[in-house]
Every structure is written in C-alpha cells, then in structure tokens.
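Worksheet for the structure shown next.
Each reported figure results from applying straightforward, stated rules to the coordinates on display, with no laboratory input. Since the structure is predicted, the reported quantities are computational estimates derived from the model, not experimental observations. We place every Cβ from the backbone using ideal geometry, glycine too, and count neighbours over all the protein chains shown.
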Amino acid sequence: MEGPDPAAPVLRRLLEAAGYRLEDRRSGLLAVRAADRRVVFLVQGRRSPTEVEEELPSDMVHRSLVYDEDPGSIAREIASNRGIEILDACSLGPALGELLLPGPGPAVDDPRLSADRPLEAPAQILPEGELSLRPRLGRPDAEAMSGVDGLRYTLRFVPFFVAPYRVRVATPQGNPGLPSDHLVAVNALSGRVEVWEAADRELSTDALGPIEKLVPVITESMAATSAQEALRKRHTVSVDHTEQHGGAIIIERRRVAPGGSDLRIGTPVLVYVPYWYGEGSEGRIVLDAVTGARRLPGESELIDV
C-alpha cells in the first residue's frame, strides 16, 4: 500500500536550499538544478524507471531516482541501461553530499552559466557587401609547395557560407561552461564544414574584379543544417557521471553534446576563399591560398569547374 514518505518533506527542503527548482508531478517530485545539469526525482510508490524517465528533462546529465524502498533488481538494471542512478532509503544518505553540493566548475551565480536562459546569437561581425579572403600564398609559393613541375596555376575563389556562432560546452563534471564565440564556414560547393577563428583570416571588402568565382551549389538553408550537425558533433565532450550501487561508487563517462539552447548561429554571409588550382598533363592539385592546406580531387571536396 502506497503512502507518503516521511522523509520527503525534509529532502524537499534540502533540495530547495541546494538550488534545485522543485515541481510536483504526477509520479512524484521533480527537482532540477540547471547549474550542473542535475535532476533528482522523488518517485511516488514503485513506478518503473521507464515510466518516470518521461518526467525527466532530456538535457540533464546527472539523473537520479529516489525510491522510499528498494525497487528491485529489474528496475535497477533498466535504470542502469538508461544512465539513471537509483537511490533508496539505504543508499540515499551516502549520496546526499553529491546531490546537494554543486560540482567543481565556474561560479554558478554567473548569469552566463544559466542553462535556463538560452544563449543569444552573437552580434554580426562580418561586414556587408561582397567579401573575400586575402590570399597569403602567391603563385611562386603554390609552385614551391606543390612539388610538381609543369602545372599551370589559376587562382579561383570558392564560395563559403560564413556565420558567427556562440556555444556553451559542458565541463568534464557536467556543469555548463562559459560561452565562447567562433566562426563556422560551410563550403557552398561540397557542404564541408570548417571552424574559423577570426584572427586567422583577413577579410576584404575590396571589389573582387575580374577573377574566377565559382557558383554555390548548396543553398543557405542546406548550409545551416550542415553547420548545426557538425558543430554539435565538434563540441560534444566527455562528462563523468557518478552512480552508487550498494557500497560501490561507479564513475561512468558519457559523451554529451550541447543542448538545444547551448548553440546559437548568427546570420550567414557569402565569403569567397582563394584556392590555387595547379593543372597539367599529370593531373591537378588544389591549394588553399590562405592556409596552404592541400585539397586533392575526389577528396569529397566538389571543387571541379
């Protein structure tokens, strides 16, 4: 017969004092602390972890279910497979320190760390107008770097969709980190995604003049989709999740991607990037005229003309 847990009012006060936001739900009490992405759910009765999991926010890293009695080995196995910690009257006491004390990391009162407040897209730092990157490698540099004689070199400009973005990456303990700003560049021919740092490339608003510009193949919306997928993968980090099983403490390492509110991409603009095309009877090579990186035809880098 189900009845109220006499320890629940005390635990409710402890969780609230520790910075959790409390909310009564159909299956029990939900306690969420956004600062370190931790959720604790005080389960009413003997509901299955599968049923209770529906009540848990999907972007929480540390998830704990508290039962007033041992829910049994089957429930524990189900929870373990889902990365959920189960606590009962016997194991709750030793685990309270971890549940109530904030994990190591930046000060949780920094407003930039609030996972409840979505990031805003960074301010547009790219000027208006037709943009290009200034080449750093001249024709003699390209010839020397290629190491192939007898090639005819042409400077061509490849279009990229470039946008500023802001990301908040979890710390190794699962806390939200400080936001950082970068540039994402999507090759408008191949869809290849790169991350640029503003200081590494020099933008020019000068008229491009009679140069050979390649025409974009993908659309701006296709580039935005590619950028979102690639950036979430790039900024996925390993996070340590601690669970207690009986008297043993088990540390599980998870891969955590930025949550839906932890990545914001600004408005893209079209930027033309210079490449040296070396072409001859023995084949062709392509060199990035800014970084010197070598691109080979067939490297899923659709830059044929």
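Annotations for the structure displayed:
- Karplus-based coupling profile of segment 66-82, in residue order and whole Hz: 10, 9, 6, 9, 4, x, x, 5, 5, 4, 5, 5, 4, 5, 4, 5, 9, with θ = phi - 60° in 6.51 cos²θ - 1.76 cosθ + 1.60 and x standing for Gly or Pro.
- Cβ-derived FRET efficiency at R0 35 Å, S58 paired with D88, nearest 0.05: 0.90
- Summarising the label geometry, the points placed 7 Å from Cα in the beta-carbon direction at E212 and R21 lie 5.6 nm from one another.
- Ranked D141, D36, criterion: other C-beta atoms within 10 Å, fewest first: D141, D36
- All other residues whose Cβ lies under 12 angstrom from that of E282 are scored, Lys and Arg at +1 and Asp and Glu at -1, for a net of 0.
- Leading residue at positive end of dipole, segment 8-102 (Cβ point charges), from S73, C90, A34: A34
- Amide hydrogen proximity for G280: with H placed 1.01 Å from N in the peptide plane, the residues at 5 or more positions away or on another chain lying under 5 Å are R152.
- Shape class for segment 8-102: rounded, because the ratio a/c of the largest to smallest gyration tensor axis (alpha-carbon atoms, square roots of eigenvalues) is under 1.5.
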